[in-house]
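Novice: There's a structure below that I have some questions on.
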Amino acid sequence: MRRLLKALAPVPVRVFAPVFAALLSLCVLAAPAHGASGAVEDGYDLWLRYRPLDKAAREQVRAVATAIVAPGAAAAAPSGSAPAPSVAAGSPPPAGRVAALPSAAAMAAGAPAATPLQAAVAELQRGFGGLLGKEPPLAASVQDGAVVLATPASMPALSGMGLKLETLGQEGYLLRSTRLQGRKVTLVAANSDTGLLYGAFALLRKAGTGMVGTDGKGGKGGPAALSALDERSAPKLQLRVLNHWDNLDRTVERGYAGESIWNWWALPEVRDRRYVDYARANASLGINGTVLNNVNSKPDILTAPWIAKAAAVADTLRPYGIRVYLSARFSTPLELGATKTADPLDPAVAAWWKAKADEIYKTIPDFGGFLVKANSEGQPGPQDYHRSHADGANMLAKALAPHKGIVMWRAFVYAHEKPDDRAKQAYDEFKPLDGTFDANVLVQVKNGAIDFQPREPAHPLFGAMPKTPLMMEFQITKEYLGYATHLAYLGTMYQETLGTDMRTGSGGASATVAQILEAGAQQGGSRLTGIAGVANIGSERNWSGSHFDQANWYAFGRLAWNPQADARALAREWAAQTFSPEPAAVAQITDMMMMSREAVVNYMTPLGLHHLMGTGHHHGPAPWVANLERPDWNPVYYHRADKGGIGFDRTAGGSNAVAQYAPGLARQYADPRTTPETMLLWFHHLPWDYKMASGRKLWDELLARYDSGVAQADELRQRWAKLKPFIDARRHEDVAVLLDKQYAEAVWWRDASIAYFQSVSGLPLPAGVKAPGMPLDYYKSLKFPYAPGRG
């Protein structure tokens, strides 16, 4: 080729151009098709791989995807958008505008869509094209085997079919095998184009996996089920939002997947194609909002140049049903020199925020609102002026209300004073404010009362503020669970929290966290519901730093749509789409995922221990740390191990944190005999010889859990090795390398923890328990000044 190009160098461009085009065509034809057997995979396609089905499945799917019929797919920009300006090919649209509509072929080739319906059509063509080897054409009329995308507005005939679409709201969808105009079709029906987009992704998920339902009960599988579809689905929560802890210099706090995907320096002129694939992935899960910047925010994000950058991202995400939000620093007007104070009751401050909201909405008409971290970890807030959280949130809410924007006010707070129990502070500060927040405010509450630990009991605020809409905050990135290195499927953690019965119903009746979130505020004017996840997404090709960490993004999104979905069923879905639909592979990968988080808990924080990680970076074991400025920054504050025993006493004899739970749950947690052993040392300080359910003493049980965690980490390696015939070589090796590292770090956790707790307790190791590989001083000497994720 090099010699040929040298020979062609003197040839005029007008002659060379067609020759080069022909050569390029030959190269393309010679290259293996995307997704063909043996193709190298790097994880970029996530769960949207759409690799070819086997012959039998291909024939079954092809019968129900002969064409795509989508009335209105070539319509103009969605209602409420400004008219599309004339834009040069390849140029981004101006801020706040929607680009001219690309053709279906262009969208399938990677050009961004202009409307949710066009995005749906493009995805169906891409998806079925990959699964079947040939894209179904876009047809003007109904034909046998067609996929028909329709709303009552685009196809009035739907109104007379008894579909009961009114029960689906604006985002739900119906998938049904039926007849239209005498033809057998697969109908994707909804009340909005966004609903059609979600339905299109659901249809492709079924075509690629043959799975039906996510309730853990399975159902008739296989592609043949596509010919007998009858499924209706609608989100149970209104706001399903990712929180990016991305800084303006592209570092990511608690990020382990490279730089931020937002190339702030290049925006707004340069819009990475990756933003479209980010939008596709989120839309496939039903995620409908994203907070672009870190909760530890900077004032700059609310200045005109940065608003223009955010608007460019919003333009890309809008056709996929995703709204953009920004984290706002409470003292922004003061720090920008626009006001003399940030007091929320100062009229000048309120006026500044109102003007700022007006400015943002002129540029981003569908802007979602603000996420705020205030009076927490040194961040400014209303308490700096002796005002309440409600005073601060309501001031911002009033600025956003004319535009239908919302405030997500975080409840992760702890006071400057040294507390008797940090776990109590959010409840103590927010419970008295119940019913005082404006209707467009949600209080965003972490899943547990400390800080995204490998295991925590559900936060006591859930169910304790019936007049205030509470929004769950999960962490998808694994700050405390081995970064992106360790395999830890968090679907089980999310389900554990969402399924916790808080017993806050009438008369102490059952009320799970999921049910509380879905119900929203039971009194007052707000009907908002929501859930947030701290994203694990970065610039690495595989998006999340490891292939298996993609599953946590996936599980969060699917549980955001339905908080009562089953974690195992979601793991099966993800495994089939991401690695292989082969039943043997899916079963093995699912089992690995379901055991993985418990393995991490066992070798890091067994029996309810918590916050034992290294200072600042939270990497590795450091239960001995006791020299930090605040008591509640030190691991010794949480485990309280001494010669007599171990654990944090949160009963009436200790901090009495159990009293923050509903009476029935408080009684359960107050007694070590009824407290689940997985939470035992969270609520109780117990003697080393306390008798456990196994019959072992507490000391012996603790050692057994550490050993169990190491054995489970080793089992993950062995199981993955057996999957080599089912997984492409590159990704199999990628995962194998990380599993080896996880095993080594599990041994480190086990040995360092046992060495320390033995030094405190003075107890001997029981017969058969292996001594730590190194002396305690060695483990204490380990330092990690350049650990990732410090932001």
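Novice: Could you run through region 285-319 and say how many residues are in contact with a Lys or Arg (Cβ under 8 Å, 6 or more places away or on another chain), within 21 Å of Leu196 (Cβ to Cβ), open to solvent by 10 Å² or more (accessible area, probe 1.4 Å) and in a helix (DSSP H, G or I)?
Specialist: Number satisfying all stated conditions: 2.
Novice: For residues that are of a type outside the set (Asp, Glu) and either in contact with a strand residue (DSSP E or B) (Cβ under 6 Å, 6 or more places away or on another chain) or at positive phi (or both), tally how many sit in region 127-157.
Specialist: Applying the first criterion (of a type outside the set (Asp, Glu)) to region 127-157 yields 127-134, 136-143, 145-157.
Next cut, either in contact with a strand residue (DSSP E or B) (Cβ under 6 Å, 6 or more places away or on another chain) or at positive phi (or both) only: 133, 136-139, 142-143, 145-150.
Matching residues across region 127-157 total 13.
Novice: Since Gly695 meets every condition but one in (1) assigned to a loop (DSSP other than H, G, I, E, B); (2) touching a helix residue (DSSP H, G or I) at 6+ places or on another chain (Cβ under 8 Å), which condition does it not meet?
Specialist: Evaluating Gly695 over (1) assigned to a loop (DSSP other than H, G, I, E, B); (2) touching a helix residue (DSSP H, G or I) at 6+ places or on another chain (Cβ under 8 Å) leaves (2) as the failure.
Novice: Step by step: first the residues of region 637-667, then only those that are within 31 Å of the chain's Cα centre (by Cα) and aliphatic (A, V, I, L, M), then the one that is surrounded by the most Cβ atoms within 10 Å (Cβ to Cβ). Which residue is that?
Specialist: Within region 637-667, the match that is surrounded by the most Cβ atoms within 10 Å (Cβ to Cβ) is Ala657.
Novice: Starting from residues that are charged (D, E, K, R) and under 13 Å from Val64 (Cβ atoms), keep the ones in region 180-212 and report whichever is least open to solvent (accessible area, probe 1.4 Å). Spell out the reasoning first.
Specialist: Taking region 180-212 first, the residues charged (D, E, K, R) are 183-184, 193, 205-206.
Narrowing further to those that are under 13 Å from Val64 (Cβ atoms): 183-184, 206.
Details: Arg183: 105, Lys184: 124, Lys206: 18 Å².
The qualifying residue least open to solvent (accessible area, probe 1.4 Å) is Lys206.
Novice: Count, please, the residues in region 360-372 that happen to be surrounded by fewer than 23 Cβ atoms within 10 Å (Cβ to Cβ) and under 16 Å from Ala397 (Cβ atoms).
Specialist: Of all residues in region 360-372, those surrounded by fewer than 23 Cβ atoms within 10 Å (Cβ to Cβ) come to 361-363, 365-366.
With the extra rule that they be under 16 Å from Ala397 (Cβ atoms), the set shrinks to 361.
Here the count works out to 1.
Novice: Within region 237-249, how many residues turn out to be within 21 Å of Val445 (Cα to Cα) and either open to solvent by 10 Å² or more (accessible area, probe 1.4 Å) or of a type in the set (Val, Ile, Thr) (or both)?
Specialist: First pass over region 237-249, keeping only residues within 21 Å of Val445 (Cα to Cα): 237-246.
After this cut, where a residue has to be either open to solvent by 10 Å² or more (accessible area, probe 1.4 Å) or of a type in the set (Val, Ile, Thr) (or both) as well, the list is 238-239, 241, 245.
Count: 4.
Novice: Looking for whichever is open to solvent by 10 Å² or more (accessible area, probe 1.4 Å), part of a helix (DSSP H, G or I) and closer than 25 Å to Ala488 by Cβ here; the options are Thr615, Thr678, Thr590. Which one fits? Talk me through it step by step, then tell me what you get.
Specialist: Working: Thr615 fails: part of a helix (DSSP H, G or I); Thr590 fails: open to solvent by 10 Å² or more (accessible area, probe 1.4 Å).
Among Thr615, Thr678, Thr590, only Thr678 is open to solvent by 10 Å² or more (accessible area, probe 1.4 Å), part of a helix (DSSP H, G or I) and closer than 25 Å to Ala488 by Cβ.
Novice: Return the pairs, sorted by first residue and then second, in which the second residue is basic (Lys, Arg) and surrounded by 16 or more Cβ atoms within 10 Å (Cβ to Cβ), the first residue lies in region 709-738 and is at pLDDT 95 or above, the beta carbons are less than 9 Å apart, and the residues are 6+ apart or on different chains.
Specialist: Pairs found: Gly709/Arg750; Val710/Arg750; Ala736/Arg717.
Novice: Does region 347-359 include one or more residues that are part of a loop (DSSP other than H, G, I, E, B), of a type in the set (A, V, I, L, M, F, W, C) and open to solvent by 40 Å² or more (accessible area, probe 1.4 Å)? Before you say what the answer is, go through the steps one by one.
Specialist: Taking region 347-359 and keeping what is part of a loop (DSSP other than H, G, I, E, B), we get none.
Checked region 347-359: no residue is part of a loop (DSSP other than H, G, I, E, B), of a type in the set (A, V, I, L, M, F, W, C) and open to solvent by 40 Å² or more (accessible area, probe 1.4 Å).
Novice: Another question about this same structure. Name the residues in region 250-284 that are aromatic (Phe, Trp, Tyr), in contact with a Ser or Thr (Cβ under 7 Å, 6 or more places away or on another chain) and surrounded by fewer than 21 Cβ atoms within 10 Å (Cβ to Cβ), would you?
Specialist: Kept after step one, since they are aromatic (Phe, Trp, Tyr), are these residues of region 250-284: 256, 262, 264-265, 275, 278.
Add one more test, that the residue is in contact with a Ser or Thr (Cβ under 7 Å, 6 or more places away or on another chain), and what stays is 256, 275.
Within region 250-284, just Tyr275 meets the criteria.
Novice: Kindly indicate whether Ala670 is farther than 30 Å from Met595 by Cβ and either open to solvent by 20 Å² or more (accessible area, probe 1.4 Å) or of a type in the set (Asp, Glu) (or both). If you could, list the steps in order and put the result at the bottom.
Specialist: On the way: farther than 30 Å from Met595 by Cβ: yes; either open to solvent by 20 Å² or more (accessible area, probe 1.4 Å) or of a type in the set (Asp, Glu) (or both): yes.
It is true that Ala670 is farther than 30 Å from Met595 by Cβ and either open to solvent by 20 Å² or more (accessible area, probe 1.4 Å) or of a type in the set (Asp, Glu) (or both).
Novice: Scan region 228-252 for residues that are within 30 Å of Lys184 (Cα to Cα) and without any contact (Cβ under 8 Å) to a residue 60 or more places away in the chain and jot them down.
Specialist: Residues of region 228-252 that are within 30 Å of Lys184 (Cα to Cα), as a first pass: 228-235.
Within region 228-252, Ala228, Leu229, Asp230, Glu231 qualify.
Novice: Applying the selection to region 158-185, what residues are assigned to a helix (DSSP H, G or I) and modelled with pLDDT of 95 or more? Walk me through how you get there before you give the answer.
Specialist: Applying the first criterion (assigned to a helix (DSSP H, G or I)) to region 158-185 yields 158-160, 165-168.
The answer is Leu158, Leu165, Glu166, Thr167, Leu168.
Novice: Okay, next question. Would region 723-730 turn up any residue that is open to solvent by less than 30 Å² (accessible area, probe 1.4 Å) and not in a loop (DSSP other than H, G, I, E, B)?
Specialist: Residues of region 723-730 open to solvent by less than 30 Å² (accessible area, probe 1.4 Å): 723, 727.
Subsequent filtering for residues that are not in a loop (DSSP other than H, G, I, E, B) retains none.
No, region 723-730 contains no residue that is open to solvent by less than 30 Å² (accessible area, probe 1.4 Å) and not in a loop (DSSP other than H, G, I, E, B).
Novice: Which of the residues that make up region 428-466 are outside any loop (DSSP other than H, G, I, E, B) and more than 20 Å from the chain's Cα centre (by Cα)? Quick ask: steps written out before the conclusion?
Specialist: Step one: filter region 428-466 for residues outside any loop (DSSP other than H, G, I, E, B), giving 428-433, 441-446.
Selection gives Asp428, Glu429, Phe430, Lys431, Pro432, Leu433, Val441.
Novice: Next up: Which residue out of Gly524, Gly530, Gly520 is touching a Ser or Thr at 6+ places or on another chain (Cβ under 6 Å) and closer than 30 Å to Phe437 by Cα? Write out each step before concluding.
Specialist: Values: Gly524 fails: touching a Ser or Thr at 6+ places or on another chain (Cβ under 6 Å); Gly530 fails: touching a Ser or Thr at 6+ places or on another chain (Cβ under 6 Å).
After applying the criteria, what remains is Gly520.
Novice: I would also like to ask the following. Where residues in region 519-554 are of a type in the set (A, V, I, L, M, F, W, C) and part of a loop (DSSP other than H, G, I, E, B), which of them is surrounded by the most Cβ atoms within 10 Å (Cβ to Cβ)?
Specialist: This residue is Ala535.
Novice: A follow-up question, please. Need pairs with beta-carbon distance below 7 Å; first residue over 29 Å from Gln660 (Cα atoms) and without any contact (Cβ under 8 Å) to a residue 40 or more places away in the chain and within region 396-423, second outside any strand (DSSP E or B) and not small (Gly, Ala, Ser); sequence gap 6+ or separate chains.
Specialist: So the pair list comes out as Ala401/Asn440.
Novice: A follow-up question, please. List the number of the failed condition for Pro775; all other conditions in (1) farther than 29 Å from Thr678 by Cα; (2) touching a residue at least 12 places away in the same chain (Cβ under 8 Å); (3) open to solvent by 70 Å² or more (accessible area, probe 1.4 Å) hold.
Specialist: With respect to (1) farther than 29 Å from Thr678 by Cα; (2) touching a residue at least 12 places away in the same chain (Cβ under 8 Å); (3) open to solvent by 70 Å² or more (accessible area, probe 1.4 Å), Pro775 is out only on (1).
Novice: Could you give me the residue pairs with C-beta distances under 6 Å whose first residue belongs to region 253-276 and is among the acidic types (Asp, Glu), whose second residue is surrounded by fewer than 16 Cβ atoms within 10 Å (Cβ to Cβ) and part of a loop (DSSP other than H, G, I, E, B) wherever it lies, and which are 6+ apart or on separate chains?
Specialist: Glu253/Gly791
Novice: Just checking, does region 685-707 include any residue being under 28 Å from the mean Cα position of the chain (by Cα) and of a type in the set (Phe, Trp, Tyr)? Give the derivation first.
Specialist: Step one: list which residues in region 685-707 are under 28 Å from the mean Cα position of the chain (by Cα), which gives none.
The answer is no, given that none of the residues of region 685-707 is under 28 Å from the mean Cα position of the chain (by Cα) and of a type in the set (Phe, Trp, Tyr).
Novice: Of all residues being buried (at least 24 other Cβ atoms within 10 Å of the Cβ) and not hydroxyl-bearing (Ser, Thr, Tyr) in region 483-501, which is nearest to Glu456 (Cα to Cα)? Just the residue, please.
Specialist: Taking the candidates together, the pick is Met493.
Novice: Could I ask something else about it? Within region 56-63, can one find any residue that is at pLDDT 95 or above, assigned to a loop (DSSP other than H, G, I, E, B) and open to solvent by 20 Å² or more (accessible area, probe 1.4 Å)?
Specialist: Yes - at least one qualifying residue is present in region 56-63.
Novice: Here's a check for you: in region 119-149, which residue that is within 15 Å of Arg183 (Cα to Cα) and aliphatic (A, V, I, L, M) is surrounded by the most Cβ atoms within 10 Å (Cβ to Cβ)? It would help to see each step written out before you state the result.
Specialist: Going residue by residue through region 119-149, those that are within 15 Å of Arg183 (Cα to Cα) are 139-149.
Still in the list and also aliphatic (A, V, I, L, M): 139-140, 142, 146-149.
On the way: Ala139: 15, Ala140: 10, Val142: 20, Ala146: 24, Val147: 28, Val148: 24, Leu149: 30.
Across region 119-149, the extreme among qualifying residues is Leu149.
Novice: So Val188 clears everything in (1) out of contact with any Leu (no Cβ under 9 Å at 6 or more places or on another chain); (2) in a strand (DSSP E or B) except one condition, right? Which one?
Specialist: (1)
Novice: Return the pairs, sorted by first residue and then second, in which the second residue is part of a helix (DSSP H, G or I) and at pLDDT below 95, the first residue lies in region 594-605 and is open to solvent by 10 Å² or more (accessible area, probe 1.4 Å), the beta carbons are less than 6 Å apart, and the residues are 6+ apart or on different chains.
Specialist: none
Novice: Within region 741-750, identify whether any single residue is of a type outside the set (Ser, Thr, Tyr), free of Cβ contacts under 8 Å to residues at least 24 places away in the same chain and either in a helix (DSSP H, G or I) or buried (at least 20 other Cβ atoms within 10 Å of the Cβ) (or both), and answer yes or no. Spell out the reasoning first.
Specialist: Just the residues of region 741-750 that are of a type outside the set (Ser, Thr, Tyr), to begin with: 741-742, 744-750.
Pick out the ones that are also free of Cβ contacts under 8 Å to residues at least 24 places away in the same chain and you get 744.
Checking which are either in a helix (DSSP H, G or I) or buried (at least 20 other Cβ atoms within 10 Å of the Cβ) (or both) leaves us with 744.
The answer is yes; a qualifying residue exists.
The values are calculated or read from the model by the stated rules, or taken from the named source; none is laboratory data. Keep in mind that what you see is a predicted model, and the values were worked out from it rather than measured. Counting neighbours? That spans all protein chains shown, and the Cβs are built from the backbone with ideal geometry, glycine included. What goes into the accessible areas is simple: the full protein's heavy atoms, side chains included, and nothing from ligands, DNA or RNA. Shrake-Rupley method; radii C 1.70, N 1.55, O 1.52, S 1.80 Å.
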